[in-house]
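Each remark here refers to the structure printed beneath this line.
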Amino acid sequence: MQNDTGHDIAAKNLHANPLIWVEKYADYLYGFAMSRLRDEDVAKDLVQDTFLAGLQQLQRFEGNSNEKTWLTAILKNKIADFYRKNASRGLKDLKITEAEGEQQDFFDAESGHWNEQYYPKAFGLEVGNPLLMKELGAILNDCLTKLPGLWFSVFSMKHIDDLESELICTELKLTASNFWVIMHRTKLNLRACLQKNWN
């Protein structure tokens, strides 16, 4: 039995045209992957894997969403798989009791409010000033790139992809405690980085 060519596949499935995927979606998918992975080689590999998986699953694509949305969903799964495989390396130094101690330093045990010496400083942003927002965005992005890979993944899945905590734990094979520690340390790290670099 002869393998289908790209033209044969496109003809069989009127909802998708893999012949134009690279030209039409590669840059977008690469940017999406880079915003979550921060590793050019891994991002390129996962985009290629996404196109391959799309070809393999083409018969199941019914056109309920557009090609870009469908390919992005495949890429999200590839990214989650990547972090799931590498999550154990990022967990080895995670100490729950140490993080709980850190929280006690930052927050008052009775009220739950910030302790005075750790109270967040005002950023002095003018609402509606696009230049300041752009500058802050660049600094935030720089701070995000300094996070450990697993922390960045958990943070981006929670706050960029807007996924539920339970789903993130399932996807990355994290316990609820590990998730809490990662989020806690990530937020403290980002806050310190922003306060240091924002004038």
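Each reported figure results from applying straightforward, stated rules to the coordinates on display, with no laboratory input. Keep in mind that what you see is a predicted model, and the values were worked out from it rather than measured. Here Cβ is always computed from backbone atoms with ideal geometry, including for glycine, and neighbour counts include all displayed protein chains.
For the pair E135/T69, report the inter-label distance in nm, with labels modelled 7 Å from Cα in the Cβ direction.
3.9
Work out how much length Q195 to A176 would gain on full extension: take 0.36 nm times their residue separation and subtract the Cα-Cα distance, in nm to one decimal. Walk me through the numbers on the way to the answer.
Values: separation 19, 0.36 × 19 = 6.84 nm, distance 2.85 nm.
Additional length available on full extension: 4.0 nm.
Please give the FRET efficiency for L167 paired with K187, using the beta carbon to beta carbon distance and R0 = 22 Å, rounded to the nearest 0.05.
On the way: r = 19 Å, r/R0 = 0.88.
Efficiency at R0 = 22 Å is approximately 0.70.
Please state, to two decimals, what the Cα-based radius of gyration of the stretch 6-86 comes to when divided by 2.2 N^0.38 Å (N = residues). List each step's numbers first, then the result.
Working: Rg = 12.6 Å, N = 81, 2.2 N^0.38 = 11.7 Å.
The stretch 6-86 yields a ratio of 1.08.
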